[in-house]
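What follows is one structure encoded as structure tokens, with my remarks underneath.
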Amino acid sequence: MLGRRPGLALLGLAVALLAAPPAVAAPALGLEGVQRFDHVVVLIEENESFATTWGTGSVAHYLNSLRARGVFADQYFATGHVSLDNYIEMVSGQGPQPLSNSDCLAVNFYTCVQPQGQVSGGRNLADQLETAGLSWKGYMDTMPSPCFHAPYDPTYTPPPGKSPDPYQGNSTAAPAKDYADRHNPFIYFPDIVENTARCTAHVLPYTALATDLAANRLPAFSFITPDTCHDGHDTPCSGGGPGGLTSADLWLTQEAPALLAYLTAHNGLLIITFDEGSNTDTSGCCTGGAGGQAGFGGRVGLLALGPTLKAGTTVSTAYDHASLLRTIEDSFGISEYLNNAGTATPMADVLAAAAGTTPGAGATPGPVALAGTGNTPLPGTGRGPAGPGLPAFGLTLVVAAALLGGLRRRQALTRG
């Protein structure tokens, strides 16, 4: 057939390639049975009860629609009951302590940072990622400039009647306004906030995310904090909008699709959860509380979205923010488990691969041993390739274009 009518045969092959569904690459494994992703993105919303967010009467219509595309952990709990203690837990495993458990409302920013430096030498997820040769960034909504924060000065005294930290969100403090320091965990570690070059390279305004997606340079780990209107914290918003879940869901509707498309094409994972539940919910579980005990931040739920997950399923194993940190460490092959993550259970069942994929294929390197941490590496199956490669559907388009181009050139020569 090809010998007699090559033009039609090539055209038929091109059409068949274009009609074929995009292939999903087999995921590799990190440690403890957790899938290895090339990109992990954590996006944090604020202060809602489980029933309000995920119940049948929820106004978060878009967020709930995503459950059909991901895995829902319906027994996921926060660890404390203000913002800062939960954010610090997620990136360091440090449990609530008196200052973080009060959002540092009575002390200046410098004083608030110091306790984190006293636990495990202030080591945090950013340190782990850099030790492992992996990239990271925090994208902070309405942050006016990289590494923006309240004055880092031990002698700073606020004006009478003002908070020691002027950037508490919805504070009308120009130029930040709805940006909140307490929702930006990285600046609360001395080795980041005191290193200006490091901080400005990694802790960025949210607008940088669109630039990084367009340039195909999303880091291995990203932490996204919407501002206090867009995360549901404020009701109403400072600008007069409704706030709460209504505004948070609208923001997700506008911002999540492009991110999800990128992660789907680049072996990525998006995790959406809440820092804490409603103030009346003091339930908790697991090891994320003070001293590695159960936390008390309330039931919040967690949604995981990725191309290799068992879409549309619910997992009812109890997890908390310390479990989330351990799961991220495992996914990247990091065998050091920080603080409360050391006794946490990884969310391997949440990130289990769907039928038809073969987790572990191609995983070659062993666990990342981090020297000088005092933690004992645990056995693991290793990490997969670091690069995203060319998506299968993109390769199909390239091949089809080449075939069609060859057909057109042959027809042009024939006509000539």
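The values are calculated or read from the model by the stated rules, or taken from the named source; none is laboratory data. Owing to the predicted nature of the structure, the values given are computational and were not obtained by experimental measurement. Virtual Cβ from ideal backbone geometry, glycine too; neighbours counted across all protein chains shown. Heavy atoms of the whole protein, side chains included, go into the accessibility calculation; ligands, DNA and RNA do not. Shrake-Rupley method; radii C 1.70, N 1.55, O 1.52, S 1.80 Å.
Confirm whether residue 104 is over 24 Å from the mean Cα position of the chain (by Cα) and either at pLDDT 90 or above or not in a loop (DSSP other than H, G, I, E, B) (or both). Yes: the conditions hold for residue 104. Candidates 297, 291, 342: the one that is assigned to a helix (DSSP H, G or I) and over 27 Å from residue 134 (Cβ atoms) is 291.
All told, residue 130 falls short of being in contact with a Ser or Thr (Cβ under 6 Å, 6 or more places away or on another chain), outside any loop (DSSP other than H, G, I, E, B) and either open to solvent by 20 Å² or more (accessible area, probe 1.4 Å) or in contact (Cβ under 8 Å) with a residue 60 or more places away in the chain (or both). Is there a residue being farther than 17 Å from residue 47 by Cβ, surrounded by fewer than 20 Cβ atoms within 10 Å (Cβ to Cβ) and either in contact with a Cys (Cβ under 8 Å, 6 or more places away or on another chain) or modelled with pLDDT under 95 (or both) anywhere in the range 293-302? Yes: one or more hits. Scanning the range 84-94 finds no residues that are in contact with a His (Cβ under 9 Å, 6 or more places away or on another chain), at pLDDT below 95 and more than 15 Å from residue 325 (Cβ to Cβ).
Contact map, the range 159-177: residues that are more than 20 Å from residue 240 (Cβ to Cβ) and at pLDDT 70 or above paired with residues that are open to solvent by 40 Å² or more (accessible area, probe 1.4 Å) and not polar (S, T, N, Q), Cβ distance under 8 Å, separation 6+ or inter-chain. Pairs shown: 163/105; 164/105; 164/106; 164/156; 165/105; 167/149. The requirement of being outside any helix (DSSP H, G or I), open to solvent by less than 20 Å² (accessible area, probe 1.4 Å), hydrophobic (A, V, I, L, M, F, W, C) and in contact (Cβ under 8 Å) with a residue 60 or more places away in the chain is not satisfied by residue 186. Could you tell me whether residue 362 is farther than 19 Å from residue 128 by Cβ, modelled with pLDDT of 50 or more and loosely packed, with under 15 Cβ neighbours inside 10 Å? No; evaluated as a whole, the condition is false for this residue. Please find, within the range 85-123, the residue that is farthest from residue 185 (Cα to Cα) out of those that are of a type in the set (Ser, Thr, Tyr) and open to solvent by less than 30 Å² (accessible area, probe 1.4 Å). Among residues in the range 85-123 that are of a type in the set (Ser, Thr, Tyr) and open to solvent by less than 30 Å² (accessible area, probe 1.4 Å), the one farthest from residue 185 (Cα to Cα) is 100. As for the range 134-157, it holds at least one residue that is among the aliphatic types (A, V, I, L, M), under 15 Å from the mean Cα position of the chain (by Cα) and in a loop (DSSP other than H, G, I, E, B). Within the set of pairs 6 or more residues apart or between chains, which connect a residue that is closer than 18 Å to residue 102 by Cβ inside the range 281-306 to a residue that is part of a helix (DSSP H, G or I) and aromatic (Phe, Trp, Tyr) with Cβ atoms less than 9 Å apart? Note: pairs meeting the criteria are 298/50. When 238, 222 are screened for being of a type in the set (Ser, Thr, Tyr) and not in a loop (DSSP other than H, G, I, E, B), only 222 passes.
Residue pairs whose Cβ atoms lie under 6 Å apart, separated by 6 or more positions or on different chains, with the first residue in the range 240-260 and over 9 Å from residue 229 (Cβ atoms) and the second modelled with pLDDT under 95 and open to solvent by less than 10 Å² (accessible area, probe 1.4 Å), are 244/232; 245/232.
Apart from one condition, residue 145 fits all of (1) of a type in the set (Gly, Ala, Ser); (2) open to solvent by 10 Å² or more (accessible area, probe 1.4 Å); (3) closer than 26 Å to residue 286 by Cβ; the exception is (3). Selection over the range 219-263 of residues that are of a type in the set (Val, Ile, Thr) and buried (at least 19 other Cβ atoms within 10 Å of the Cβ) gives a count of 3. Could you tell me which of the residues 211, 273, 253 is in a helix (DSSP H, G or I), modelled with pLDDT of 95 or more, among the hydroxyl-bearing types (Ser, Thr, Tyr) and closer than 30 Å to residue 55 by Cβ? So the residue among 211, 273, 253 that is in a helix (DSSP H, G or I), modelled with pLDDT of 95 or more, among the hydroxyl-bearing types (Ser, Thr, Tyr) and closer than 30 Å to residue 55 by Cβ is 253.
Annotation note: Cβ proximity below 6 Å between a residue of the range 41-53 that is within 13 Å of residue 279 (Cα to Cα) and a residue that is surrounded by fewer than 20 Cβ atoms within 10 Å (Cβ to Cβ) and of a type in the set (S, T, N, Q) (sequence gap 6+ or interchain) occurs for 49/278.
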